[in-house]
Structures are given as structure tokens and as C-alpha cells.
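Read the structure below first, then the notes.
The values are calculated or read from the model by the stated rules, or taken from the named source; none is laboratory data. This structure is a prediction, so every number in the text was calculated from the model and none was measured. As a convention, Cβ positions derive from the backbone with ideal geometry for all residues, glycine included, and neighbour counts pool all protein chains shown. For accessibility, only protein heavy atoms count, side chains too; no ligands or nucleic acids. Shrake-Rupley method; radii C 1.70, N 1.55, O 1.52, S 1.80 Å.
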Amino acid sequence: NAGVMQNPRHLVRRRGQEARLRCSPMKGHSHVYWYRQLPEEGLKFMVYLQKENIIDESGMPKERFSAEFPKEGPSILRIQQVVRGDSAAYFCASSPPLSGGPLHFGNGTRLTVT
Amino acid sequence: DQQVKQNSPSLSVQEGRISILNCDYTNSMFDYFLWYKKYPAEGPTFLISISSIKDKNEDGRFTVFLNKSAKHLSLHIVPSQPGDSAVYFCAASASHAGGTSYGKLTFGQGTILTVHP
């Protein structure tokens, strides 16, 4: 049973470009969470999605960031017009339909903005 | 506003000895606590959890203790092994309106554990 798959593992973007991060949850999991880890810090919650629905986006920056989890295909975290402060590790996690229990994390996408 | 704090950035322990990692929280709504282990360039891996209705949970070499009155939890690893060397994150969540916790976790900053052979 494959775990949470994230790609790309590393992404380099110039300031002003767009970054697209993809996450495929574990088989049977329909809940997806995105977290961000800035250097020397813990992980910070960004957004919680179910298929075709954003459930909680209280951790998302108000501008330039968006997330979706379509009916078919992976979840996408999109960052428009990236700035140097967006450089971080972005982790996706998934959980099964019935809530409760620990999250299973992917290995993350390391975004570097030059 | 750091609701979950791990005040020790690092801990060094001899192989075979006990490792004790500490975590404090401020939000009294938290009712589910977890410890994750993280190796460089990998995602966090779940280790052990505890619900607020308990004060201890044990799984093999790992035991988590919860002191609700002090808003403090700790992870004990006995005996420590070199393969335990990693960053350990404490995390907490609060039940939402439906009565169950979901995956909105608040993480501490992490403690780097080094176990020397």
C-alpha cells in the first residue's frame, strides 16, 4: 500500500513565478492536509480538504496561496508570484474518511525561491 | 502565539539509557496529543499518541505521559538506540464541533535527539 506521494521533491522557482505542489493521498484516504515547515520551525497547518471541498483554510495566507482536491487526481497547492519567504518544506498528509487517528505524511516538497 | 512548546532544542543520550523529551501546551481545548519522529529529507512519522482521558500510553520502547493539570507531556524512550537519532515533534489537536478530532495539528518546534553508541 503506497504511502502519501508528493511531487516534485524539490522545486526551484524565481521570484514572481508560480509553484505547483502535488499530493496523492494514501489509498482509501479522502482527507488531505497541507502543512508548511519554515527553517528551524515546526510544521504549521495550512489547509484541510476533502474531495472537491475546502473544509478549513484558516492557516493559508490570504493572498497568492490556493489549494484544491478535485474529484479525480491529486491535491494541488498553488503559490502564485512566489517570494523568497515562501521557501520552505511543504508537507501533505492524509487520513481515512472517518476522522480521528494519526495523520500519515508524505516526504514533502522543498521549495526554493531564488 | 506558540501554543505547543518544546523548550529543549536538542538532547544527547548514551545508547541503552533513557531519553526523555518534554512538551508543554497552553490551549486547554487540546485533547489529543501525538509524537512524531522526523529524519532529514523525510516526512514526519507517527510514533505514539495519547487522548486526554488517559495519563499514560505505552508502545514497546516508547511511553507517553500526560499531565493535564500542568499542561505537560513527555515521551520516554527506553532503551535508547542510535537509530532513534532524529528530530522529535510533539503535536496537539482539539475536537471539533462534531466531537472528534481531525488532522489540524499544532506542532512544537522539535527536539533533536542524538543517541551515541
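Provide a single number: the residues in the stretch B:17-46 that are open to solvent by less than 60 Å² (accessible area, probe 1.4 Å), touching a His at 6+ places or on another chain (Cβ under 7 Å) and either in a loop (DSSP other than H, G, I, E, B) or at pLDDT below 95 (or both).
Looking only at that region, the number is 0.
Do the conditions hold for B:Asp55, that is, is it open to solvent by 50 Å² or more (accessible area, probe 1.4 Å), at pLDDT 95 or above, over 10 Å from the mean Cα position of the chain (by Cα) and within 14 Å of chain A (Cβ to nearest Cβ)?
Judged against the criteria, B:Asp55 is not a match.
Only one of (1) assigned to a loop (DSSP other than H, G, I, E, B); (2) touching a His at 6+ places or on another chain (Cβ under 7 Å) fails for A:Glu40. Which number is that?
Of the numbered conditions (1) assigned to a loop (DSSP other than H, G, I, E, B); (2) touching a His at 6+ places or on another chain (Cβ under 7 Å), the odd one out for A:Glu40 is (2).
For A:Arg36, state whether it is of a type outside the set (Ser, Thr, Tyr) and more than 29 Å from B:Val4 (Cα to Cα).
So A:Arg36 fails the test.
Might you let me know whether the stretch A:73-80 holds any residue that is touching a helix residue (DSSP H, G or I) at 6+ places or on another chain (Cβ under 9 Å), of a type in the set (A, V, I, L, M) and not in a loop (DSSP other than H, G, I, E, B)? Quick ask: steps written out before the conclusion?
Going through the stretch A:73-80, the residues touching a helix residue (DSSP H, G or I) at 6+ places or on another chain (Cβ under 9 Å) turn out to be A:79.
Filter again for of a type in the set (A, V, I, L, M), leaving A:79.
Checking the rest, the ones that are also not in a loop (DSSP other than H, G, I, E, B) come to A:79.
Within the stretch A:73-80 (the criterion being touching a helix residue (DSSP H, G or I) at 6+ places or on another chain (Cβ under 9 Å), of a type in the set (A, V, I, L, M) and not in a loop (DSSP other than H, G, I, E, B)), the answer is yes, since at least one residue qualifies.
Looking only at the stretch B:35-65, which residues are within 26 Å of A:Asn7 (Cα to Cα) and not acidic (Asp, Glu)?
Within the stretch B:35-65, B:Trp35, B:Tyr36, B:Lys37, B:Lys38, B:Tyr39, B:Pro40, B:Ala41, B:Gly43, B:Pro44, B:Thr45, B:Phe46, B:Leu47 qualify.
Which one is farthest from A:His29 (Cα to Cα), of the residues in the stretch A:90-112 that are open to solvent by 10 Å² or more (accessible area, probe 1.4 Å) and in a strand (DSSP E or B)?
A:Thr112
Tally up the residues in the stretch A:10-61 that are of a type in the set (D, E, K, R) and exposed (fewer than 12 other Cβ atoms within 10 Å of the Cβ), please. It would help to see each step written out before you state the result.
Just the residues of the stretch A:10-61 that are of a type in the set (D, E, K, R), to begin with: A:13-15, A:18, A:20, A:22, A:27, A:36, A:40-41, A:44, A:51-52, A:56-57.
Keeping just the survivors that are exposed (fewer than 12 other Cβ atoms within 10 Å of the Cβ) gives A:14-15, A:18, A:27, A:40, A:52.
Counting residues in the stretch A:10-61 that are of a type in the set (D, E, K, R) and exposed (fewer than 12 other Cβ atoms within 10 Å of the Cβ) gives 6.
Specify the residue that is nearest to the other protein chains (Cβ to nearest Cβ); the eligible residues are those in the stretch A:1-60 that are among the charged types (D, E, K, R) and in contact (Cβ under 8 Å) with a residue 40 or more places away in the chain.
A:Arg9
Give me a count of the residues in the stretch B:50-89 that are assigned to a loop (DSSP other than H, G, I, E, B), in contact with a strand residue (DSSP E or B) (Cβ under 8 Å, 6 or more places away or on another chain), closer than 22 Å to B:Ile112 by Cβ and not basic (Lys, Arg).
So the count comes out to 4.
For B:Asp24, which of the numbered conditions (1) touching a Leu at 6+ places or on another chain (Cβ under 9 Å); (2) in contact (Cβ under 8 Å) with a residue 60 or more places away in the chain fails to hold?
All conditions pass for B:Asp24, except number (2).
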